[in-house]
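What follows is calculated from the coordinates using simple rules that are stated; it is not laboratory data. Small disclaimer: the values here were computed from a predicted structure and weren't measured. Cβ coordinates were reconstructed from backbone atoms using ideal geometry, including for glycine residues, and neighbour counts include every protein chain displayed.
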């Protein structure tokens, strides 16, 4: 569950989109594809929220802010596994359910994201957010921020949570054989 600070940051990002602050969103997008905290255009937006944090804690804020700039649609519930499941389902519907190669490709990308080292995760997230944007699927940004801050936990509870959300209730071909817990 996101902290109060993480939730307020996500609400702040949403307010930028709500006010149609295109300049701020463009500044956030400048962080895409760059190491967290290296796009100076983002500083006025992110630093007030992260100035007292250790760098590795602040990195998640920069990653989420850059991704939000690219896809400023917000959900209030669910996790990124849900986002990917819904976006992949919409893509499958648009391209026909017979596109097995496409389904396999999406699942391989999702598994690669679950296996990603924290330094490589933003690349995987960027592609998944692009897919969500194209499918007009909102993201729970506060939950994503919380999850990124716990990505390296030895129990890998974030990865398991995303996997449970992604493969639940019929996202695979043999859905009736899969548990729905």
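Of all residues in region 33-44, those satisfying the criterion of being within 19 Å of the chain's Cα centre (by Cα) and buried (at least 18 other Cβ atoms within 10 Å of the Cβ) are 36, 37, 42. Residues that are touching a strand residue (DSSP E or B) at 6+ places or on another chain (Cβ under 8 Å) and part of a helix (DSSP H, G or I) within region 112-150 comprise 129, 132, 141, listed in sequence order. Within region 1-24, the only residue that satisfies the criterion of being surrounded by fewer than 20 Cβ atoms within 10 Å (Cβ to Cβ), under 17 Å from residue 70 (Cβ atoms) and touching a helix residue (DSSP H, G or I) at 6+ places or on another chain (Cβ under 7 Å) is 17. Filtering region 45-85 to residues that are surrounded by fewer than 21 Cβ atoms within 10 Å (Cβ to Cβ) and in contact with a strand residue (DSSP E or B) (Cβ under 8 Å, 6 or more places away or on another chain) leaves 73, 74, 75. Here residue 160 does not qualify as in a loop (DSSP other than H, G, I, E, B) and over 17 Å from residue 57 (Cα atoms).
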